[in-house]
1. Return only the number of the condition from (1) touching a residue at least 12 places away in the same chain (Cβ under 8 Å); (2) away from ligand 2 (no atom under 16 Å from the Cβ); (3) more than 29 Å from the chain's Cα centre (by Cα) that Val197 does not satisfy.
2. Considering only residues of segment 298-328 that are out of contact with any Gly (no Cβ under 8 Å at 6 or more places or on another chain) and open to solvent by 10 Å² or more (accessible area, probe 1.4 Å), which is nearest to Ser6 (Cα to Cα)?
3. Have a look at Ser370, Ser402 and point out the one that is over 25 Å from the mean Cα position of the chain (by Cα) and of a type in the set (Ser, Thr, Tyr).
4. When you go through Gly123, Gly107 one by one, which is the residue that is closer than 30 Å to Ala67 by Cα, surrounded by fewer than 17 Cβ atoms within 10 Å (Cβ to Cβ) and without any contact (Cβ under 8 Å) to a residue 40 or more places away in the chain?
5. For Pro133, only one of the following conditions fails: (1) over 18 Å from Ala82 (Cα atoms); (2) assigned to a strand (DSSP E or B). What is its number?
6. Go through (1) in contact (Cβ under 8 Å) with a residue 40 or more places away in the chain; (2) open to solvent by 40 Å² or more (accessible area, probe 1.4 Å) for Phe287 and report which single condition fails.
7. Could you tell me which residue of segment 34-51 is surrounded by the most Cβ atoms within 10 Å (Cβ to Cβ), considering only residues that are of a type in the set (A, V, I, L, M, F, W, C) and assigned to a loop (DSSP other than H, G, I, E, B)?
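The values are calculated or read from the model by the stated rules, or taken from the named source; none is laboratory data. The structure displayed is predicted, hence computed values, not measured ones. Cβ coordinates were reconstructed from backbone atoms using ideal geometry, including for glycine residues, and neighbour counts include every protein chain displayed. Areas reflect the complete protein model, heavy atoms only, side chains present, ligands, DNA and RNA absent. Shrake-Rupley method; radii C 1.70, N 1.55, O 1.52, S 1.80 Å.
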Amino acid sequence: MRTGISVAEAREVVLAAAPVLGAETVSLRQALGRVLAEDVRSPRTLPPADCSAMDGYAVRRVDCLGAAPGTPIELAVAFEVAAGQAPAQEVGAGQAARIFTGAPLPGGADAVVRQEDTEAAAGRVLVRSEPRPRENVRDAGEDIRAGDLVLRAGDSVGPAAIGVLASLGRSLAAVHQRPRVAIVSGGDELVEPDGDVSGDRIVASNSYSLSAQCLEAGAEPVYLGIARDRPEDLERRLRAGLVADCLVTSAGVSVGDHDHVRPVLEKLGCRLEFWGVRMKPGYPLVFGRFDRDGGPLVFGLPGNPVSAMVTFEQFVRPVLRRMAGHRILFRPVVRARASEALKKSPGRAHFLRVFLERRGEELWATPTGSQSSGVLRSMTLAQGLLFFPAEAERLEAGAVASVQVIDPDFFARDSAGL
Ligand code: AMP
Ligand code: MG
């Protein structure tokens, strides 16, 4: 087991261990946010035939040359074609067909004159505008041609992809499975939020924040309750989590007499890959795996609420995204200037909770206040985590740093801005 490794090394180890999960077939209605596990080629051409983009008249352009408001051209309306109908005949010389949006263009016709540029009169129509070639005609295949590679394995399924799949005549899609994450809290002081919270008891809030982080990452959390600080109780709960894709514990990974996570994991056959990452918050993170097939990846997160969330963010989230098939694993990173000077001793990288503020074209980052790993409220205020590298000791006011944006709303705006 390695110990005291860097954030970058830890990230490399956990990602190297993360498998992309297999495929499952889901209804298109449940596919939002999933990742395609298949290349999708179109079996069809869309639109399948030339069709009208307007309500109006399908005409032969040669018959309408010179048509203008002062010099209308009169055509005989030979027949009508509506969306969903096959044209009954062709448009002959001196003829027009009444046509509606989405209806197939009849043979003979090569343009559609919009209704607004015509005047109808008992079986005849006056055309007041000369159409350009194929004006108001949607060509067959303008959207998709049969055989086109329309979507690729690894593409995220958003509303547009769902619409495209449906337009190809599909109601199902093959997507990567969502990782299942077993979550165990540990500690004698812990209670559930609706339990007896009197005295020195602490609500096991990590199970809530971590479950929410799983959901937000596209994974499925399964909560296995609070393990008391006894190896037998911890073992019983961890065993229940061995069927999951990831097993995430919080607390009990430090060096205290009541910290049983590491020995119990080893007893269960888990190979611990590292313990201790040179970061703050979050140093005592443990990562392990089972050599046998199908065993979960195990993250023993620190118990302090901010440490648990920040280590989840750095290591568990990208792993879950990889498992779910995503190509893009990480949060956006912006460059921002520190609004105050920051100091630390060398050795550990710091992830500082910061507000981000736009000043003209620049971003400025300001710490949210106390950076104690117990101040969970600061996470509700933080839009980003400012990365203060391990060996750096000072960041001057106005110096530029990298900030991982953890609040997706940061990129949203309070006005349309267009
Ligand atoms: P430990 O790792 O057991 O020393 O816990 C570190 C700190 O995190 C202690 O102050 C615990 O009370 C707190 N803590 C542990 N588990 C949780 C949890 N599930 N939710 C909130 N705080 C916790
Ligand atoms: Mg404890």
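1. (1)
2. Glu313
3. Details: Ser402 fails: over 25 Å from the mean Cα position of the chain (by Cα).
The match here is Ser370.
4. Unique residue meeting the criteria: Gly107.
5. If we test Pro133 against (1) over 18 Å from Ala82 (Cα atoms); (2) assigned to a strand (DSSP E or B), just (2) comes out false.
6. The failed condition is (2).
7. It comes out as Ala37.
For every residue, the table says whether it meets (1) more than 17 Å from Glu119 (Cβ to Cβ); (2) in contact with a Phe, Trp or Tyr (Cβ under 8 Å, 6 or more places away or on another chain).
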residue	(1), (2)
Arg61	yes, no
Leu65	yes, no
Pro72	no, no
Val77	no, yes
Ala82	yes, yes
Gln85	yes, no
Ala88	yes, yes
Val91	yes, no
Ala97	no, yes
